[in-house]
Amino acid sequence: MDDVIERILRQTHTWAVVGLGDSPGRPAYGVARFLQSIGKRIVPVHPAAAPVHGEQGYASLADIPFPVDVVDVFRRSAAAGGVADEAIAIGAEAVWFQLGVIDEAAADRVRAAGLDMVMDHCPAIEHPRMRALGRI
């Protein structure tokens, strides 16, 4: 798993953050800010399509008019599979399910489609860990 995490953190730039709205109290808000701090472009994906951290929001992955490298999922596990399928459909390179987001069948579909998959991890935790290991 560390090889996949390292590859995603090293080689990607544009992260669609599904579930990112303009509420500072939500975990997605802080993680998106962290992603920006390490040089990633974040794309908020939320039904309200509100701008967050200076980036235009979109109501769905399909509405994003440019390529996305990673789809970072802040949704309940029950909804994560549908988001994973949308990520495959838009041609993302990777899907990242946040801490507590687990759907093994969706992860299998993502991998079968040739995308990288991380489940039940957070990039705001994994990036410092990878740095401490000298991997990034």
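Here are a few things to note about the model shown:
- Check on Ala78, modelled with pLDDT under 95 and more than 16 Å from Ile8 (Cβ to Cβ): no
- In the range 1-22, residue surrounded by the most Cβ atoms within 10 Å (Cβ to Cβ) [restricted to those that are aliphatic (A, V, I, L, M) and part of a loop (DSSP other than H, G, I, E, B)]: Leu20
- The range 103-121: number of residues that are over 14 Å from the mean Cα position of the chain (by Cα) and of a type in the set (A, V, I, L, M, F, W, C): 4
- On inspection, Ala48 passes the criterion of being more than 15 Å from Met1 (Cβ to Cβ), out of contact with any Ser or Thr (no Cβ under 9 Å at 6 or more places or on another chain), at pLDDT below 95 and not basic (Lys, Arg).
- In the range 124-135, the residues that are of a type in the set (A, V, I, L, M, F, W, C), surrounded by fewer than 16 Cβ atoms within 10 Å (Cβ to Cβ) and more than 14 Å from the chain's Cα centre (by Cα): Ala132, Leu133
- If only residues of the range 103-123 that are free of Cβ contacts under 8 Å to residues at least 40 places away in the same chain and under 12 Å from Val71 (Cα atoms) are counted, the one that is surrounded by the most Cβ atoms within 10 Å (Cβ to Cβ) is Val110.
- When the residues of the range 23-33 are filtered to those that are of a type outside the set (D, E, K, R) and part of a loop (DSSP other than H, G, I, E, B), the one that is farthest from Glu126 (Cα to Cα) is Ser23.
- Cβ-Cβ contacts under 9 Å between residues 6 or more apart (or on different chains), taken from a first residue in the range 35-51 that is closer than 15 Å to Gly21 by Cα and surrounded by 23 or more Cβ atoms within 10 Å (Cβ to Cβ) to a second residue that is modelled with pLDDT under 95 and among the acidic types (Asp, Glu), are listed as Pro44/Asp22.
The values are calculated or read from the model by the stated rules, or taken from the named source; none is laboratory data. Computed from a predicted structure; not experimentally measured. We place every Cβ from the backbone using ideal geometry, glycine too, and count neighbours over all the protein chains shown.
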